[in-house]
Amino acid sequence: MSIETTREHPERGDDPDDRPPGYVVGSGPDDVERELSHDEFDPIGTLGIILVYFVILAVMWAFMYFVEFLGRGITVVG
Amino acid sequence: MATFVDRYPEEAAVVRATFVVAFVSLGIGAFFGLIQALHRTGYVRILDSVDYYTILTGHGVLLALVFTIFFLLGLFTWAVARSLERPLPDIRLTWAWFGLTTTGATLVAVAILAGLIPSLGVSADVLYTFYAPLQAHPLFYAGLTMFIVGTWMAGADWFLAYRAWRADNPDDRIPLQTFMVLTTMLMWYLSTIGVAVSAVFFLLPWSFGIVETVNPLLTRTLFWFFGHPVVYFWLMPAYLLWYTVLPKLAGGRLFSDPLARVVFVLFLLLSTPVGIHHQYLDPGISEGFKFIAMTNTMFLLLPSLLTAFTVVASMEHGARQRGGEGYFKWLGALPWRDPAFTGMALAGLMFAAGGFSGMINAGMNINYLIHNTLWVPGHFHMTVGTAVALTMMAGSYWLVPQLTGKRLYSRPIGLLQVVLWFVGMVFMSNAMHRAGLAGVPRRTAEPQYQSFDFSTALGSVGELQAQIAFGGFLLFVSVVLFLFNILLSSFETPMESPVDDSLPAPLSGAEGSPLVLDDLRLWTGIAIVLVILAYTLPLGSIVTDAGLFGDSPGFPVLIDAVAMLKEVVA
């Protein structure tokens, strides 16, 4: 859609064919090479990212609790 | 091919108007943010430190309430008309809520900014939380009430649109975007009861002098009854964009429509009965009630983690359709040159980091470590300040052309802008978290004390201050670039299809999900029961302790307080 439109406005001088993929706002689907259905798609990359995130969360939480929080001893007010 | 403005010209005009209010607030609020970042780090102090609190109140209210909620009003109007494929029932009602919210927001802004001119005798330096016994001018509470009532009318407008659609489509599933709007508004109706009661029955009569005293703990608790759900009110527009627009921008499709519905239902149920977790250090509320609030809060991690999975999986789907391979290499196949995509993806990444500091805030014991320190603003600049604000700005690059029929002025500037925001926030927010751990307080114009130096485990306080000031500067430049880009876009020549506005169907659609998910009455009922369980006893105990109207007279706002102190000292 956006390709057709910009072709209708050559005076703008931005032929999308000359531009790198993803340059035009919302044009991500223009570069789709293959259609993946629900059953063909296995989000293993997402699993990897979530696992890395969990590890970071756990390590940082342990640091905050055991080092920063407990490491300071009791706060005495007054 | 026609876009939104061609199909729904009247609705597009309202959405444009709400965006104008949102972006004007963003500009003023961001400028105030720059003043604060430079002031509290000691680099540039153009204002008296007394006026810092006026600027701080303005920054909080204009960005956290006006910018975010006006963007929401526009986005939800777009989403309802678009997903129901029909105009709103009566455009006069739509303009009426726009008029009421805008008038209310203007009154609030005037009451706050008037504090800079003491001779006017009007001020509202009560900060974003407007805790009694700090007292604002009645204009502030009246404007706030009008604003809230305006948002209720907007919700009614969208529910009426839904009712009209339902009459024509008795057996269809609620379209996903409308489902998101309706569940968010139900959560909003429930939670704003707290702020409405606080403003109308206590703070407004008190500021007029009709009642002499208030019970500060009661109004604080009513504020947080609303004050935590409001963060989800900011976040749900970002979620709407992440679930329904980001997969398309990535070149893919939403992984699961039912999972998205479950997330929004969970937010309706759990957003409100958690507010007391902001009051872990408030005396007068027993530990048991705070523990219940903490437990509910931990349950709230669930919808956010579901979102992390669904949204990342949808992006991965796009990347793999675009030829991406491997465990992590597919990330390179995403359209990183598209500012709308990149802004939203970076916003999501920052939200993941904000999730970590939020977990620390939520723990009843560990919260003591960071309570009222600069850690807390560090946290919410990652969440509302980036996850929400950056998503809204990035989303605007895709949305505004649909509302004007004109293409975006510059995509490279858009890309620079979103990256600059992310980098600026990495500097500022990271340094704020670390400064908080060193004990540097929040909400303080001059966080330095005689005969006391903050010490950091790593680096130095000077380095942290430099990072905060530098980060704040980058953020301000980013907002200037954003506003400049949007402003210049409005001068472009209209064209037939300024942007690809189509949204693909989810990979797993609503048809396979249980019908009960769409039973809004059931979920509202359960949400009300949870609120009653979480709040009846604490509120009862607060009222029993100090009475409905308490015994605290109005404490003059800071400018008066300083003048009074000077007299006392003299």
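A few notes on this one:
- Annotation: amide H-H contacts under 5 Å for B:S508 (H modelled 1.01 Å from N, sequence separation of 5 or more, or interchain): B:S256, B:D257.
- 0 to 90° range, to nearest 10: angle between helix B:216-227 axis and chain B longest Cα axis: 10 degrees
- In terms of its Cα atoms, the stretch B:1-163 spans 54, 33, 23 Å along the principal axes, sorted from long to short.
- Semi-axes of the equivalent ellipsoid of chain B are 37, 28, 24 Å, computed as sqrt(5λ) over the eigenvalues of the C-alpha gyration tensor in descending order.
- Per-residue ³J(HN,Hα) for the stretch B:278-289, Karplus 6.51 cos²θ - 1.76 cosθ + 1.60, θ = phi - 60°, Hz, x for Gly and Pro: 7, 10, 4, 9, 6, x, x, 10, 6, 4, x, 5
- Treating r as the C-beta distance of B:R163 and A:D31 and R0 as 45 Å, the FRET efficiency rounds to 0.65.
- With 10 Å bins from 0: P(r) over the protein assembly as shown, alpha-carbon pairs, percent: 3, 15, 26, 29, 18, 7, 2, 0
- Each peptide in B:441-452, B:275-286 receives the mean, over its residues, of other Cβ atoms within 10 Å, and ordering these scores from highest gives B:275-286, B:441-452.
- Amide H contacts of B:L334 (H built 1.01 Å from N, in plane; Pro and chain starts excluded): no residue 5 or more places away or on another chain comes under 5 Å.
- Over all distinct Cα-Cα pairs of the stretch B:335-502, the Kirkwood formula returns a hydrodynamic radius of 17.3 Å.
- R0 of 45 Å, Cβ-Cβ distance B:L349-B:R16: FRET efficiency to nearest 0.05: 0.90
- Dividing the summed -39500 (n - 2.57) terms of all DSSP H runs of n ≥ 4 by the residue count of the protein assembly as shown sets its mean residue ellipticity at 222 nm at -20500 deg cm²/dmol.
- Averaged over A:32-45, number of beta-carbon atoms from partner chains that fall within 10 Å: 6
- Summarising the label geometry, the points placed 7 Å from Cα in the beta-carbon direction at B:F484 and B:R86 lie 4.5 nm from one another.
- Note on B:497-507: average number of Cβ atoms from other chains within 10 Å of each residue's Cβ is 4.
- Protection proxy ranking, peptides B:387-397, B:310-320, B:132-142, average beta carbon neighbours within 10 Å, highest first: B:387-397, B:310-320, B:132-142
- Counting Cβ atoms of other protein chains within 10 Å of each residue's Cβ and taking the mean over peptide B:250-258 gives 3.
- Close amide H partners of B:T373, meaning residues 5 or more places away or on another chain with modelled amide H under 5 Å apart, are B:R442.
- Computed from the C-beta positions of B:E511 and B:S49, the FRET efficiency with R₀ = 60 Å rounds to 0.50.
- Label-to-label distance, B:L301 versus B:V529, with points set 7 angstrom from Cα along the beta-carbon direction: 2.6 nm.
- Working from label points 7 Å from Cα in the Cα-to-Cβ sense, the A:V67 to B:S460 distance is 2.2 nm.
- What the phi angles of the stretch B:465-470 give under the Karplus curve with 6.51, -1.76 and 1.60, with θ = phi - 60°, is a coupling list of 5, 4, 5, 5, 5, 5 Hz, glycine and proline written as x.
- Length released on extending from B:T493 to B:T106, taking residue separation times 0.36 nm less the Cα-Cα span: 136.1 nm
- For chain B, the longest principal axis of the C-alpha atoms and the axis of helix B:257-270 are separated by about 20°.
- Here the Karplus curve 6.51 cos²θ - 1.76 cosθ + 1.60, taken at θ = phi - 60°, turns the phi angles of the stretch A:33-41 into couplings of 9, 8, 8, 10, 7, 4, 6, 7, 9 Hz, with x standing for Gly and Pro.
- In degrees, nearest ten, helix B:138-168 long axis to first principal axis of chain B (Cα): 20 degrees
- Set against the 2.2 N^0.38 Å expectation for a compact globular protein, the stretch B:165-225 has a Cα radius of gyration ratio of 1.75.
Every read-out reported here was derived from the displayed coordinates using simple, explicitly stated rules and does not represent laboratory data. Worth saying up front: this structure is predicted, and the values here are computed from it rather than measured. Virtual Cβ from ideal backbone geometry, glycine too; neighbours counted across all protein chains shown.
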